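These notes concern the structure reproduced below.
The values are calculated or read from the model by the stated rules, or taken from the named source; none is laboratory data. All values derive from a computational prediction rather than experimental measurement. With ideal geometry, Cβ positions are generated from the backbone for all residues, glycine too; neighbour counts draw on all protein chains shown. The protein model used for the area step is the full one, side chains on, heavy atoms only, and it has no ligands, DNA or RNA in it. Shrake-Rupley method; radii C 1.70, N 1.55, O 1.52, S 1.80 Å.
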Amino acid sequence: TSNIGKFTNSGVKLHDAVKAIQGVSNVAAISGANTQQASHAMYNFAQALSSGSVKLIDWKSIENANMATMEFKTELLKTALALGTVKKKGDQYISTTKDQRGKVSAAFNATKNFNESLSSHWMTTEVLVQTLGRYSDETTAIGKKAFAAAQDVKTFSQLMDTLKEAVGSGWSETFELIFGNFDEAKALWTEGSNAGRGVV
């Protein structure tokens, strides 16, 4: 919730911010990052979005979280190509955006000069948010893969987190069955409170 707020404060619409945060979590799941690393990535992406594009310092934190996979970089480049912030040059790309000196990037791809290319600001807010949106959409190929990875339990701590979440969800459903939804529970407890005070 905190990170969604950071995204919306950077000008991302609420719906897109929610999808982007889900996308970061799914990128983390595919890459094998833990929840702390995912949270760190969300924070750094939010910082980057406030400046309009992802810079090398922001991307380094994604690398440190082990989330800068070849697949993720390829997905980012697909989006950038579709949005026109890069163009194809053979099997590589050149930015159509420029760095502080007014120059486009040298040729790059997911394996060569990727980090250096970020100085030309091609990975804009829109490129990042749309890419993360695909990771949170089960109708896309990458979304299906991401959701499947998010369901896998790879460590003991993940197992404990999953069990805690299941217990919490189970109790929530049980209480709703007994006391009703919000409106029903409000009516029930208000009536009980009034009866206790002799108001009824």
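Kirkwood hydrodynamic radius computed over the stretch 1-133 comes to 14.6 Å, based on all pairs of distinct alpha carbons. Between residue 186 and residue 100, the distance separating the two model label sites (each 7 Å from Cα on the Cα→Cβ line) works out to 5.3 nm.
Using the 1.4 Å probe convention, the accessible area of the stretch 28-107 works out to 51 Å² per residue with neighbouring protein chains retained.
A crude spin-label estimate for the pair residue 139 and residue 197, with each label 7 Å from Cα along the Cβ direction, gives 5.0 nm.
Among the trypsin sites (Lys or Arg not before Pro) in the stretch 36-103, those located in a DSSP loop and surrounded by at most 11 other Cβ atoms within 10 Å of their own Cβ are 101, 103.
Within the accessible area of the stretch 21-151, the carbon and sulfur atoms contribute 51%, probe 1.4 Å, all protein chains present. Normalised by the number of residues in the stretch 92-145, the mean separation of alpha-carbon contacts (under 8 Å, six or more apart) gives a relative contact order of 26 percent.
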